[in-house]
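The values are calculated or read from the model by the stated rules, or taken from the named source; none is laboratory data. These figures come from a predicted structure and were not determined experimentally. So basically every Cβ, Gly included, is an ideal-geometry build from the backbone, and we count neighbours across all protein chains shown. Side chains are part of the model used for accessible areas, which takes the heavy atoms of the whole protein and leaves out ligands, DNA and RNA. Shrake-Rupley method; radii C 1.70, N 1.55, O 1.52, S 1.80 Å.
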Amino acid sequence: MRALLSVLSLLLSLSQAPARAEQITLVAENDWYPYTAQRDGRITGLTVDLVRAAYASVGVSLQLKSMPFARCMTLVERGDELGCFNSGQDLKHSQDSYLFHATPLLLNSNGIYARVDSKESGLGPAALSGRRVVLTHGGSYGDTIEANQSIVRVVALSDLANLRMLAAGRADFTVLDDRVFDYLVQANAGELRGKLKRVGRAFNDLPIYVAFSRKRAEAPRHAALLDQGLAALKASGEYRRIVERWQLPP
């Protein structure tokens, strides 16, 4: 009888134990702060918080890897990784190579920046033709800029190196995400503050996504779950609170 009671007690406790959360692993690019970056041994950023919270709201635990964006996207295209962020879907090959969820993580804007003594203003992407433009290696600049062969490209290894090259007069302009520009100038005020300014808009309201692999059978389900999670975050107000926390990151 005691043995039977013990078995029944064990079965009851197992039935009442919470189900283990489903886990997935995605890759976040390692150097695009404040969206995603590897900092002090942690993967942190605005879109990290959004993706993690969205999946948590639908019962999915998120594990992250960190690597350069170009490598991240290559591994996803090959099917070696499930998904990578932060990706646009404006490049011509994107829809054939990757699967995107319906609701973007957020919209970002990209400015055209010049040295503070520039007389230019109100520029659009067409104004970059024939000019020296410093662009970050591995960055995605959309079809309008990518296809413009008349741009004299000056390549930087990072966004910070990009701004340093512009400040030093090695290019006429750069194209950079406005949040990234604000953070880099704040974090490197001694060498950048007061030296650069926004003189135009390269493109605005560019959607940012997780790019999922078309070679992974589970990708459509996880893309749909991310959409469900983002909808839940917006309905609860948590989405707005996360974005506001990252308006000007430390």
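Values as computed for the structure displayed
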{"item": "Candidates Arg221, Arg164, Arg179: whichever shows maximal mean-square fluctuation once the chain is modelled as a Gaussian network with Cα springs under 10 Å", "result": "Arg221"}
{"item": "With Cα atoms, 0 to 90° folded angle of helix 46-56 axis to the chain main axis", "result": "20 degrees"}
{"item": "The chain, helix-only ellipticity at 222 nm - DSSP H runs n ≥ 4, -39,500 (n - 2.57), divided by all residues, nearest 500", "result": "-11000 deg cm²/dmol"}
{"item": "Carbon + sulfur, % of accessible area of the range 98-177 - ligands and nucleic acids excluded, 1.4 Å", "result": "53 percent"}
{"item": "Hydrodynamic radius of the chain per Kirkwood, over alpha carbon pairs, in Å", "result": "19.9 Å"}
{"item": "Restricting the range 52-153 to trypsin sites (Lys or Arg not before Pro) in coil, as DSSP defines it, with at most 14 other Cβ within 10 Å", "result": "Lys92, Lys119"}
{"item": "Mean-position separation - Cα centroids, the range 183-250 and the range 103-166, in angstrom", "result": "19 Å"}
{"item": "Stretchable slack from Gln63 to Arg131, in nm (0.36 nm times residue separation minus alpha-carbon distance)", "result": "20.2 nm"}
{"item": "Between 0 and 90°, nearest 10: helix 69-78 axis offset from the chain longest Cα axis", "result": "50 degrees"}
{"item": "Pair-distance profile P(r), taking every C-alpha pair of the range 174-236, with 5 angstrom steps and integer %", "result": "3, 12, 16, 13, 11, 13, 13, 10, 7, 2, 0"}
